[in-house]
Amino acid sequence: MSAAESVLRVRDLDVRIPTPRGELHAVRGVNFDLRPGEVLGLVGESGSGKSVTLRALLGLHRKPVRVTGEVTYGGHNLVGMPERKLRDVRGAQISMIFQEPMTALNPVLTIGEQIRENLREHRGVTGRAALARATELLDLVGIPSAATRLADYPHQFSGGMRQRAMIAIALASEPRVLLADEPTTALDVTIQDQILRLLLRLREQLGMSVVLVTHDLGVVAQTCDRVAVMYAGRLVETAGVTDLFRQPRHAYTLGLLRSLPDAGAHRRPLRPITGSPPDLRDAPRGCAFFPRCAFGTDACLGAEPPLVPLSGERATACVHHAQLPAVGEVLV
Amino acid sequence: MTTTAPTTTGVPRARSRRRVKPTLALGLVLLVPFVLAALAPRLLAPYSPTDFDYSAILQAPSAKHPFGTDNFGRDVLSRVIHGTRVDMQIAVFTTLFPFVFGSLLGALTGFVGRWADAVVGRVADLVVVFPFLVLVIAIVAVLGPGLTNMYIAVSAVGWVAYWRLVRGEVVAHKQTEYAQAARVLGFSPTRVLLRHILPNAITPAIVYLMTDMSLGILLGASLGYLGLGAQPPTPEWGVMVADGKNFMVTAWWISGFPGLALTLAGVTFSLIGDGLADALRPRS
Amino acid sequence: MTAVEGDALLDVRGLTKTFPAPQGLVDRWRGKPRKVVRALTDVDLTVRRGETLGIVGESGCGKSTLARCLVRLYPADRGSVRYAGEDVLSLGGDELRRYHRRVQMIFQDPFSSLNPRMTVGQVLREVLTVHRLRPREGMDARVTELLSLVGLPAEAAGRLPHEFSGGQRQRIGIARALALEPECIVADELVSALDVSVQAQVVNLLLELQEKLGLTVLFVAHDLRLVRHLSHRVAVMYLGRVVEVAPTNVLFERPAHPYTRALLAAAPHLDPAHRVDAPALSGELPSPLDVPSGCPFRTRCPHAFDRCVTERPELLDVGAGQQVACHLFDPAASAGGR
């Protein structure tokens with residue numbers, strides 16, 4: 001992947017969060033590129049650092065959280081950029097949507113006001129033109145009778161509608177990149193289905209790139225073009241979505257896929273990953289997944305295995321990637 | 001079948017001992033002299049708190065009289081020390097009855113709900129319509145001045161705050177899954193309330209109790225100042241502050257030192273309340 | 001215990017539950033009729049001895065309310081619940097306590113379902129003491145036994161809930177329910193708060209215990225993949241009604257009700273090659289404060305016709321153990337828009 005064609009280039013991203021019981025090294029040396037028009041899935045379980053990474057991309061972490069590394073957008077490094085300059089990028093060229101639209105939307109402003117605010121701040125559009133554009137945006141995200149609903153407050157919207165409204169606000173600035181943090185986790189499955197399709201359609205229509213943070217492998221399979229799997233603050237595998245589901249190249253990814261129920265094995269025991277993730281206050285030695293891994297050997301101990309490129313567009317941090325069985329094969 | 005991996009369930013981390021918060025520690029240290037003075041004023045006070053000494057009137061603080069003397073030649077230090085017992089008693093009695101009564105009522109009405117809750121709620125509304133102090137003074141005025149009547153008056157008014165706090169918490173905790181689980185486990189309502197809900201719901205009331213104690217001392221002092229609380233010659237800080245008001249410019253120590261004791265006691269209880277809030281909160 | 005397939009253990013008939021919606025003082029004085037949330041409307045359902053019955057649906061469908069009505073956490077407005085022939089809704093005092101020994105519930109939230117001030121040992125001992133299940137001497141041994149049953153070490157007894165991970169807390173919740181040696185477990189979103197890899201651990205535990213103890217399980221969940229894996233039969237709910245009940249393989253292979261079909265289609269498939277552009281279902285869920293007349297699903301149903309507005313479809317047998325509440329499947333009338 002050539003860095004020249006990427007919209008967003010992330011190198012050596014590190015996030016350290018001080019806690020009463022020691023420093024939490026939440027993100028440890030993350031590298032990836034976001035290509036124009038792609039949906040990149042950032043997948044992992046709770047505590048894997050996926051949301052922390054997403055927030056770091058936009059400089060949303062405040063002191064005493066420490067962020068180091070490079071997040072290159074339009075030739076500038078966003079990490080350590082002064083707030084004032086950052087604001088030209090944040091919300092303007094890179095927008096973000098959240099899991100809980102009710103808390104992410106301002107309850108005392110109408111949806112229309114919130115869209116128009118964004119239009120004025122980032123596009124310099126005001127007055128009639130802003131009103132027309134706001135209606136257009138609500139219509140674009142599939143809210144019926146958009147013109148009248150502009151005057152509604154967030155609490156007058158249902159959960160799914162709120163998420164649509166939040167997307168409309170995020171799109172007002174015509175961003176090139178949309179960061180989505182578990183945008184459908186709080187929604188019902190039929191509404192989740194609608195929102196995911198909407199995101200894909202908008203990506204198509206507007207030519208945006210999307211980073212989608214999720215823990216749901218089904219959502220990944222249905223929406224992402226490429227996937228980056230996170231474990232214990234690191235990327236452990238990146239791959240095209242089809243390749244990833246056909247043949248994982250990291251023992252953790254394999255473990256995740258295998259732990260899901262299989263349609264053919266009604267009421268048979270599942271294959272869980274044993275144990276629980278490591279405490280990131282105490283940086284693990286060697287591969288962080290080793291204590292839970294079924295394929296681990298002494299080769300996994302030593303230095304933490306780096307993410308190395310494989311054939312095609314894949315990369316893995318698994319020492320034993322070549323020995324991993326397919327998802328369906330039964331472990332002896 | 002042994003599909004359940006025992007490794008997951010390995011022994012959790014050793015229990016980490018909760019550190020005593022500095023605020024709580026400081027509060028408890030400050031409380032020590034108050035407790036000692038309340039328990040054994042005779043041992044600590046250099047002079048009698050009530051004996052007049054016309055040879056030593058309005059003396060400024062000195063080695064002989066560290067807090068000076070008042071207009072009757074009484075040693076202010078001795079009076080402050082002897083006043084501690086009365087004021088600590090006020091702190092406890094003006095809050096304990098409202099706390100116990102208000103909390104129990106709150107637990108009950110919050111748990112039962114329906115008409116009991118509605119009735120007590122209206123009564124509480126009626127009480128809070130009047131300014132706190134005005135209502136207390138009115139009741140004392142009817143019953144007659146003195147400490148006992150003051151306690152009755154404060155209890156009649158003060159329970160509302162505890163009722164509200166505990167009732168709200170009980171209503172909230174009633175909805176938690178562990179309270180529901182207790183019901184499904186076939187526990188009696190009494191057990192669910194007393195063993196499961198109340199210990200979790202009472203915390204804010206206990207914390208408020210500590211703050212209320214400092215307010216109680218100030219209230220006792222205010223009523224003493226107005227002549228409705230402790231009666232002279234009982235050494236009580238509020239009465240002492242009042243007695244010294246005519247000498248504020250010439251002999252500031254008569255009001256100044258009891259006032260300082262009042263402030264310090266207030267700070268002490270606030271610190272303890274603050275520390276308790278931290279200590280009582282269950283970790284999750 | 002004779003675990004005969006088809007033997008009804010829990011029999012629910014016409015169960016209805018409403019909650020009054022909050023109303024302002026002004027509206028109350030004006031005498032405005034108080035709105036009600038229709039959580040359950042005429043629910044009919046049978047749980048057979050020894051089976052796992054999955055209950056699925058989206059928010060507001062009433063699945064959690066149903067679970068809570070069955071264990072008598074909520075009083076029902078109308079209808080009947082029979083457990084092994086006994087009328088559950090009229091039980092009181094000691095009878096209710098005996099019922100709770102037979103039917104237990106496991107809760108969703110691993111963080112709030114345990115009293116934060118009681119150690120695991122205290123939690124289990126309290127259950128044993130209240131129900132007089134063990135003499136004092138046998139208590140510790142039983143606590144250890146219960147803990148090992150759910151895969152926890154004996155030392156866990158001395159610890160407080162906050163010292164455990166989410167998955168371990170769900171195990172404690174299971175041990176607490178099992179202390180009563182129940183026949184039937186109502187599990188409300190047992191694993192939905194857990195990470196995928198931990199979910200599998202707890203699901204395995206449930207399967208293992210069911211096998212070992214012959215439990216009947218009511219598995220309430222929104223995760224279709226898990227419900228499919230665990231359940232013998234599945235009931236689909238929508239806005240307070242059961243719209244379809246069928247054996248698991250029938251339901252997932254030949255879903256009948258238009259809502260079931262949409263629900264299955266909307267669940268994200270794990271195969272990236274299996275992508276569809278259009279959403280399975282358009283429109284929002286109506287509010288349970290304002291349930292549509294006739295069929296509750298008609299406002300979103302692609303097949304709705306006149307009769308769906310005026311007449312509520314009853315749950316009817318369509319063969320192979322499948323029951324559907326949809327006019328399209330009513331043989332008595334020639335359906336219009338199939």
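Distance between the 7 Å Cα→Cβ label points at B:V128 and A:E136: 5.2 nm.
Computed from the Cβ-Cβ distance with R0 of 25 Å, the FRET efficiency linking C:L316 to C:Q23 stands at 0.10.
Where both partners of a DSSP beta bridge lie in the protein assembly as shown, what percent of those bridges are antiparallel, to the nearest 5? Write out the running numbers ahead of the final one.
Numbers: 56 of 92 bridges.
Around 60 percent antiparallel, to the nearest 5.
Its Cα centre serving as origin, chain A has a Cβ charge dipole (Lys and Arg +1, Asp and Glu -1) of approximately 420 debye.
In a reduced charge model with +1 at each Lys and Arg Cβ and -1 at each Asp and Glu Cβ, region C:47-188 shows a dipole moment near 160 debye about its Cα centre.
Each residue, A:S311 and A:H155, gets one label point 7 Å from its Cα in the Cβ direction; the gap between the two is 6.0 nm.
Taking Cα atoms, how many degrees apart are the long axis of helix C:166-178 and the longest axis of chain C, rounded to 10 and kept between 0 and 90? The angle comes out near 80 degrees. Ranking of C:R68, C:R134, A:R90 by solvent-accessible surface, largest first: C:R134, A:R90, C:R68 (1.4 Å probe, protein heavy atoms only, all chains present). Taking a point 7 Å from the Cα of C:Q122 along the Cα-to-Cβ direction, the residues of region C:156-188 with backbone N closer than 14 Å to it are C:157-163. Ordering B:L193, B:F130, B:T176 by the projection of their Cα atoms onto the charge dipole of chain B, which places +1 on the Cβ of Lys and Arg and -1 on the Cβ of Asp and Glu, puts B:T176 at the extreme positive end. At q = 0.10, 0.14 Å⁻¹, what base-10 log of I(q)/I(0) does the Debye formula yield for chain B when every alpha carbon is treated as an equal point scatterer in vacuo? Log-scaled intensity ratios, in q order: -0.66, -1.04.
Placing unit charges on the Cβ atoms of the charged side chains and taking the dipole of the protein assembly as shown about its Cα centre, the candidate lying farthest along the positive direction among B:A221, C:C184, A:P20 is B:A221. Relative contact order of region A:104-174, taken over Cα pairs closer than 8 Å and 6 or more residues apart, is 46 percent. Take the Cβ atoms of B:L96 and B:M248, set R0 to 25 Å, and the FRET efficiency comes out at 0.15.
Where does each of A:D193, C:D277, A:D152 land when they are ordered by accessible area, with a 1.4 Å probe and the largest first? Please list the in-between numbers first.
Details: A:D193 5, C:D277 140, A:D152 30 Å².
Descending accessible area places them as C:D277, A:D152, A:D193.
Taking all Cα pairs closer than 8 Å and separated by 6 or more residues, the relative contact order of region B:24-157 comes to 19 percent. By DSSP, the beta bridges lying fully in region A:107-266 are antiparallel in about 55 percent of cases. For chain C, the alpha carbon convex hull comes to 175 Å³ per residue, rounded to a whole number. Solvent-accessible area of A:L206, all protein chains in place: 80 Å² (probe radius 1.4 Å, heavy atoms, ligands and nucleic acids excluded).
Entry note, chain B: relative contact order of 26 percent, from Cα contacts under 8 Å with a spacing of 6+ residues.
Computed over the protein assembly as shown, the per-residue total of -39500 (n - 2.57) for DSSP H runs of n ≥ 4 gives a 222 nm mean residue ellipticity of -12500 deg cm²/dmol, rounded to 500.
Quick one, could you list the DSSP H helices from chain B stretching 18 Å or more along their long axis (Cα atoms) with average Kyte-Doolittle hydropathy of 0.0 or above?
B:22-39, B:76-112, B:114-129, B:147-174, B:203-225, B:253-280
Counting heavy atoms of the protein chains alone, B:Y54 has an accessible area of about 150 Å² for a 1.4 Å probe. Please list, by residue number, everything in region A:38-74 whose backbone N is under 15 Å from a paramagnetic label point 7 Å out along Cα→Cβ of A:E23. Flagged as within label range: A:63-69. Summarised in one figure, the compactness ratio Rg/Rh of region A:104-174, Cα atoms and Kirkwood Rh, is 0.92.
Each principal axis of the Cα cloud of the protein assembly as shown was evaluated for its coordinate range; sorted largest first, these ranges are 108, 74, 67 Å.
Which of the aspartates and glutamates could be linked to C:K212 by a straight reach, that is with a Cα gap under 20 Å, when you skip same-chain ones fewer than 8 residues away? C:K212 reaches C:E5, C:D7, C:E51, C:E145, C:E181, C:E183. Taken along the Cα-to-beta-carbon direction at a fixed 7 Å, the label points for C:D290 and B:I206 span 4.8 nm. Zone of C:K35 (label point 7 Å along Cα→Cβ, backbone N under 13 Å): which residues in region C:270-305? Within reach of a label on C:K35, which here means backbone N under 13 Å from a point 7 Å along Cα→Cβ, region C:270-305 contributes C:286-292.
Find, among the trypsin sites (Lys or Arg not before Pro) in region C:107-159, those assigned to loop by DSSP (not H, G, I, E, B) with at most 11 other beta-carbon atoms within 10 angstrom. Mind dumping the intermediate values first?
On the way: sites: C:R117, C:R125, C:R132, C:R136, C:R142, C:R159; in loops: C:R117, C:R132, C:R159.
Filter output for region C:107-159: C:R132.
Using heavy-atom solvent-accessible surface (probe 1.4 Å) with all chains present, what is the largest-first order of B:S255, B:S48? Provide the component values of the computation, followed by the final result.
Values: B:S255 10, B:S48 45 Å².
These residues rank, largest area first, as B:S48, B:S255.
Note on A:R246: accessible area approximately 150 square angstrom, rounded to 10, probe 1.4 Å, nucleic acids and ligands left out. Note on A:E100/C:R78: beta-carbon distance plugged into 1/(1 + (r/R0)^6) with R0 of 22 Å gives a FRET efficiency of 0.05.
The values are calculated or read from the model by the stated rules, or taken from the named source; none is laboratory data. These numbers come from a predicted model, not from an experiment. Methodologically, a virtual Cβ is constructed for each residue, glycine included, from the backbone with ideal geometry; neighbour enumeration extends over all protein chains shown. Side chains are part of the model used for accessible areas, which takes the heavy atoms of the whole protein and leaves out ligands, DNA and RNA. Shrake-Rupley method; radii C 1.70, N 1.55, O 1.52, S 1.80 Å.
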